[in-house]
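Take a look at the structure set out below.
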Amino acid sequence: MGSFENTRTFARQLDQQDPLKEFRQQFIIPVVGGKEQIYFLGNSLGLQPKTAEAAIKEIMLQWSGYGVEGFFKGDKPWMDYHDQLTQPLSKIIGALPQEISVMNQLTVNLHLMMVSFYQPRGKRNKIICEAKAFPSDQYMFETHVKHYGFDPQEIIIEVSPRKGEHTIRVEDILQTIEEHKEELALVFWGGINYYTGQLFDIKTITHAAQKAGAKVGFDLAHAAGNVPLQLHQWNVDFACWCSYKYLNAGPGAVGGVYIHERFHQDAGIPRFAGWWGYDKATRFKMEKGFKPIQGAEGWQLSTPSFLMYALHKASLDIFEAAGWDALQRKQQQLNAYLWFLLGEVNKAGKETIIEFITPQNKEERGSQLSMLMLQRGREIFDALSKAGVMVDWREPNVIRLAPVPLYNTYEEVWQFADMLHGLVK
Ligand SMILES: Cc1ncc(COP(=O)(O)O)c(C=O)c1O
């Protein structure tokens, strides 16, 4: 990685040496007032691949050309489209292709996975999760637990950061699991917390939860397409993610689910079923009695939206062309450069006005960096927005940003840090 310099020339040099520099050209960068924005919101909604429109058009042509026969005819019949998504995703998620199902959206999938993996039995009915998980996850726990007739206050055990700290210590997660091991049904965690950007040790949490006799799952909304994952190897039971953030599949894009293969043949596992999850060879016999596809696909319910599939594939094709390992290398370097530059920013003012709440340890973070603004937060955020930097504001006082390797540059990172430097002085 070498040592960094805080100059535009140095940032430009890094861009010139970047083996992935051409990939920015494959995305549409928002332009406001004739000026390309510095878009650091890949953690919220990834940018549009230039190929997305043509991908949609392909589906429309297939539809206009063949009608319903588009499922089976033409250059790209829809029937096996799913496989074209699971292959590239398997590298990003670290799973076997058959352990992945691309379906629905994230919150819907979380509920479906709860049906299969939250199985309260007697006193073993507790759920351990992170405090301040994304609201949808909290509502999912609350309503699911109520659905069983339980009191969420009794069932849901949240692990919080220690007093005066912003992130959760792994030892505290392990300790809580240990304390409740006799009554634990499920451990469910975010891969990366949406607010702090903290990346959790999925392998260690998985091991501890399973040792305690619980099932274990993860919400990977902020991790999929961002950080390396090895869900199969880590023996994770299940996980869900959305595809509109780092995976650039468009607003409200189709989500994804991972289910470890050991559950695929388990006839006893409860699930909510639909015809699209039915054994493919006999699906069209339309018979009574649900017979699932032997794989994560067996959790599908409905005929998928091929328009959504097409958008997802357009982005995954770019991941494939760039190479997941190369993307990881750039992600780390881009992020390291950001941290290096921001390390100098607080020194500029008389008092510290930014507290970085994302862990600086690279094992505990992905692309996102969250800055707790101790003073003048809104004013600085507004000034950045006015200057063409797209970052976001989370109440009460956090600015989040996430430069990503596919379309952001080192020069943008430098420009951002330089502007911030000027604003905190
Ligand atoms: C961590 C996390 N979980 C769940 C959700 C909800 O996702 P969806 O609206 O796609 O169901 C989000 C959305 O940003 C999220 O960041």
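All of the numbers you see were taken from the coordinates with simple rules; none came from a lab. Everything numeric in this text was worked out from a predicted model, so none of it was measured. Using ideal geometry, Cβ is built from the backbone for each residue, glycine included, and neighbour counts are taken over all protein chains shown.
Among 228, 155, 212, which residue has its Cα furthest toward the positive end of the charge dipole of region 149-257, with +1 on Lys/Arg Cβ and -1 on Asp/Glu Cβ? Most positive-ward Cα: 228. Loop only by DSSP, 16 or fewer other Cβ within 10 Å of the Cβ. Give me the GluC sites (Glu not before Pro) in region 326-409 that pass, ordered by residue number. Those that pass, being in a loop and sparsely packed, are 351. Summary value for region 269-425: 20 percent relative contact order, contacts being C-alpha pairs under 8 angstrom separated by 6+ residues. Note on residue 329 and residue 394: the model spin-label points, each 7 Å out from Cα along the C-beta direction, lie 3.1 nm apart. Pairs spanning more than 28 Å between alpha-carbon atoms, out of 126/245; 57/330; 21/91; 91/181: 126/245; 57/330; 91/181. In a DSSP loop and with at most 16 other Cβ atoms within 10 Å, the GluC sites (Glu not before Pro) in region 110-172 are 165.
Here the chain yields Rg over Rh of 0.99, to two decimals, using C-alpha coordinates and the Kirkwood radius. A dipole drawn for the chain from +1 and -1 charges on Cβ atoms has a positive end, and of 257, 6, 345 the residue lying farthest that way is 257.
Build a GNM of the chain with springs between Cα atoms under 10 Å: which of 272, 356, 381 gets the top mean-square fluctuation? Sorting by GNM fluctuation, first place goes to 272.
Shown for the chain are the DSSP H helices of 30 Å or more along their axis, judged by Cα atoms, with a mean Kyte-Doolittle hydropathy of at least -1.0: 324-345.
For a quick check of your reading of the filter: which trypsin sites (Lys or Arg not before Pro) in region 110-161 sit in a DSSP loop and have no more than 11 other Cβ atoms within 10 Å? List each step's numbers first, then the result.
Values: sites: 121, 123, 124, 126, 132, 146; in loops: 123, 132.
Loop-located and lightly packed - 123.
The largest-to-smallest principal axis extents of the Cα set in region 235-378 are 74, 33, 30 Å. Every helix of 4 or more DSSP H residues in the chain counts as -39500 (n - 2.57), and over all residues that averages to -11000 deg cm²/dmol at 222 nm.
Evaluate E = 1/(1 + (r/R0)^6) for residue 13 and residue 360, where r is the Cβ-Cβ distance and R0 equals 22 Å; express this FRET efficiency to the nearest 0.05.
Details: r = 24 Å, r/R0 = 1.11.
About 0.35, to the nearest 0.05.
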